[in-house]
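The values are calculated or read from the model by the stated rules, or taken from the named source; none is laboratory data. Being a predicted model, the structure only gives us computed values, none of them experimental. All Cβ positions, glycine included, derive from the backbone under ideal geometry; neighbour counts span all protein chains shown.
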Amino acid sequence: MATQTTEALSSVDAGAIVDRIRVSVPERGVRHDLRAVGIVWRRELIRFRTDRLRAITSLVQPFLFLFILGTGLGSLAGRSMPPGVDFKTFIYPGVLAMSVLFTAIFSAGSIVWDREFGFLREILVAPVSRGAIVIGKCLGGATIATFQGVIFLILAGFAHVPYNPVLILTLIGELLLLSFTLTAFGVMMAARIKQFQAFMALTQMLVMPLFFLSGALYPLNGLPAWLTVLTRIDPLTYVVGPMRHAVFSHLNVFGASVLAPSITWGGWIVPLWFSLGIVAVMGLVMMSVAIAEFSKTE
């Protein structure tokens, strides 16, 4: 009798314990998604901080373009430059954009790396929206790339660009916009690429044409019709142009309008705010495409 009573009590206690045990899964909401955005953003910063070699090597190529290529081509282009204008000053806005170009796109490559090693799957099963993960990734890459651009801004004096506070803040804002759009572009590509080698090959194929077609090394006026069309469909064009306009608007030189011509569509002058708006819209569209790709079940 005592044995039966003990067994009955044990079964009651076990049932009570089972009833009390619940798997606690956080409810999805805006607050949790914002926290996820912050965590992904912070993870990108920690990864960049621990990879000092990446920070150094990403500045080597812009440095070479500005001082070696700028000095070499300056001996040829010096005759066509207005008096008092160095060729390095002309290409500085384009090289500044280049300093964030590689960092922004390659920061998205960590998605492919995480997918290969299985870490991405652990992130995607978290009880947060996948859109929050993509947004955090884009903001993290944009922050890192902008930081790289700010470092390169320190060299502005060597290109005879003044350290004007308004100019510096304007360039930083344009760098942040460009970095966000480029990171969103990289995340959009990385959303469906399975191998890191394929991602690197694709970005290498796209990055340099984006740079050379942006007008970073030459004015956008007087170009052949086919080249004009290509420069107008390059998103970097709509950032390099306003950056160059900002630089030469703070330089008291003759012929600045020739070196920093306005972007035109069939004779219509594209306003600076509209150019930057195009870049912002493209970034939001590509980020939306990336969110849609990540929302698909893998």
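Residues in region 108-128 that are within 12 Å of VAL40 (Cβ to Cβ) and at pLDDT 70 or above: 4 in all.
Restricting attention to region 18-60, the residues being farther than 21 Å from GLY136 by Cβ and at pLDDT below 70 number 7. Pairs meeting the criteria (first residue in region 134-152 and under 13 Å from ALA290 (Cβ atoms), second residue at pLDDT below 90 and among the polar types (S, T, N, Q), beta carbons under 7 Å, at least 6 apart or on different chains) are GLY141/SER107.
In this structure, does ILE278 turn out to be exposed (fewer than 14 other Cβ atoms within 10 Å of the Cβ), aliphatic (A, V, I, L, M) and at pLDDT 90 or above? No.
Picking from GLY215, GLY267, which residue would you name as being at pLDDT below 90 and either surrounded by 14 or more Cβ atoms within 10 Å (Cβ to Cβ) or among the acidic types (Asp, Glu) (or both)?
Answer to the selection: GLY215.
Rundown of residues vs (1) free of Cβ contacts under 8 Å to residues at least 12 places away in the same chain; (2) touching a His at 6+ places or on another chain (Cβ under 7 Å); (3) part of a loop (DSSP other than H, G, I, E, B), yes/no style:
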{"position": "GLY186", "(1), (2), (3)": "no, no, no"}
{"position": "LYS194", "(1), (2), (3)": "no, no, yes"}
{"position": "LEU202", "(1), (2), (3)": "no, no, no"}
{"position": "PRO219", "(1), (2), (3)": "no, no, yes"}
{"position": "PRO242", "(1), (2), (3)": "no, no, no"}
{"position": "ASN252", "(1), (2), (3)": "yes, no, yes"}
{"position": "SER275", "(1), (2), (3)": "no, no, no"}
{"position": "GLY283", "(1), (2), (3)": "no, no, no"}
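Could you grab me the full set of residues in region 61-83 that are among the hydrophobic types (A, V, I, L, M, F, W, C), surrounded by 11 or more Cβ atoms within 10 Å (Cβ to Cβ) and at pLDDT 75 or above? Listed by number, the residues that qualify are PHE63, LEU64, PHE65, LEU66, PHE67, LEU69, LEU73. Taken over region 221-240, the criterion of being under 18 Å from GLY283 (Cα atoms) and in contact (Cβ under 8 Å) with a residue 24 or more places away in the chain is satisfied by ARG232, ASP234, PRO235, LEU236, THR237, TYR238, VAL239, VAL240.
Which of the residues spanning region 285-298 are more than 19 Å from GLY136 (Cα to Cα) and in contact (Cβ under 8 Å) with a residue 12 or more places away in the chain?
GLU298
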